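Bear in mind that the values in this text are calculations on the coordinates, not laboratory data. If you're wondering where the values come from, they're calculated on a predicted model, not measured in any experiment. Virtual Cβ from ideal backbone geometry, glycine too; neighbours counted across all protein chains shown.
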């Protein structure tokens, strides 16, 4: 995903080592900074040619933390949990290059240890060198082995004997989350889901018109199979691509939510919890109606202004708490509520390690407050679309079922014509499953107020 990330603009300090930059990002995330913000702060100090490597290493270490720690633990004299945190981060950086990027030893070990020596001193850097050399020897014993062979040869439980242990270590997902998914879906599906969530996401350009794209010079786009008007950015930066196209950057799963709203929309149209606003832009373009985007974050909502002006779309924005809407009545409300984001874990490199059961419970309570506030604002005959980027039942169909029990003046509506069969449920809800589509995950339900 090297060329796809655009860090915050600023004067680039000359040549921060990409591995040192990755280490700084890991340190910031450990101290509570979100991974995307850490990258935006640090990458401007890296030479542009090295930014892709720095980002790949840092985000790869975050996604595959448990897998890398299993390799490190098998080659060290102590478990990673008992190591100095700075040392452990350097070991993850080296292990990621050795086992995932298959970087030659002189770069993976030599360059990493050299950068670590500047930060740690000779003593601790010597320990990093010893562990990485041991890991390199173990890797070289499986020379030429692909990922499946490495998984079988590595320090990981057999997936047929201990699927939870395998998907928590090799799959690098929290055990509690793996257990939830295995209780719901077949092992083969959960393994494909975990593998999908461990890959760096594509950058997808979503055209807001049906025209064939004519990308600017230096930009190459490839159609995403099965998703009309969605194109994978193969070459160039997102900003460059958007400068010459009537389009937004949007994963097909998010585009599917916009399409799922469907039909003629009663006004005013509200997009609640809207930031950064690409769904609001999609609604205005697809249905030809003004859209009011509401979000509690002024900082994130501010990002909507420039693309709305560039595209000439009637989208306005206001800061508001979704539990206390500043609108008395609406014809259509898209409530894209805060959620665990288990359908987009590949996109938020550190998110899986911040999630816990308590997070889910708190979010379910917040979602209930938001959907009730939105429902109160929809006029009779109007439409409420509830959506998440979660895969969890409590946040999706169970939340909607509980809402319909509380509000008999609402009923579920079937999906609009043209919806993909593999992305709809028997009751007509939208459910995009990453292991089937190769995209993010998403859920939505159409709820019509009948009285």
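Distance distribution note for the chain: the fraction of Cα pairs above 38 angstrom is 28%. Shape class of the stretch 107-231 from the Cα gyration tensor (axes a ≥ b ≥ c, square roots of the eigenvalues): oblate, since a/c reaches 1.5 or more and a/b does not exceed b/c. Here residue 267 and residue 41 are evaluated by their C-beta separation; at R0 = 51 Å the FRET efficiency comes out at 0.80. Which of rounded, prolate or oblate describes the stretch 215-363 when judged by the alpha-carbon gyration tensor and an a/c cut-off of 1.5? Here the stretch 215-363 falls in the oblate category. Summarising the label geometry, the points placed 7 Å from Cα in the beta-carbon direction at residue 303 and residue 209 lie 2.6 nm from one another. For the pair residue 130 and residue 362 in one chain, pulling the backbone fully straight at 0.36 nm per residue adds 79.1 nm over the alpha carbon distance. Of all DSSP beta bridges located in the chain, what percent are antiparallel, nearest 5? Taking every DSSP beta bridge within the chain, about 55 percent pair in antiparallel fashion. Once you order the gyration tensor axes a ≥ b ≥ c over the Cα atoms, which shape class does the stretch 252-449 get: rounded for a/c under 1.5, otherwise prolate or oblate by comparing a/b with b/c? The shape class here is rounded.
Along its first, second and third principal axes, ordered by size, the stretch 204-249 spans 25, 18, 15 Å in Cα coordinates. Applying 0.36 nm per residue to the separation of residue 404 and residue 74 and subtracting their alpha-carbon distance, the gain on full extension is 113.6 nm.
A straight line joining the Cα centroids of the stretch 328-348 and the stretch 233-307 runs 12 Å.
For the stretch 307-408, the Kirkwood estimate of hydrodynamic radius, built from reciprocal distances between every pair of different alpha carbons, is 15.2 Å.
The long axis of helix 18-30 is offset from the longest Cα principal axis of the chain by roughly 60 degrees.
Taking label points 7 Å from Cα along the Cα-to-Cβ direction, residue 222 and residue 234 give a separation of 0.5 nm.
The spacing between the stretch 163-222 and the stretch 35-52, judged by their C-alpha centroids, is 23 Å. Using just its DSSP H runs of length 4 or more, each adding -39500 (n - 2.57), the chain gives a mean residue ellipticity at 222 nm of -13000 deg cm²/dmol after division by all residues. Listed from fewest to most Cβ neighbours within 10 Å, the set 231, 431 follows the order 431, 231. The distance from the alpha carbon centre of the stretch 424-451 to that of the stretch 63-80 is 38 Å, rounded to a whole number. One chain, two ends: residue 369 and residue 319. Fully extended at 0.36 nm per residue, the span grows by 16.2 nm beyond their Cα-Cα distance. Between residue 417 and residue 82, the simple label model (points 7 Å from Cα in the Cβ direction) yields a spacing of 6.8 nm.
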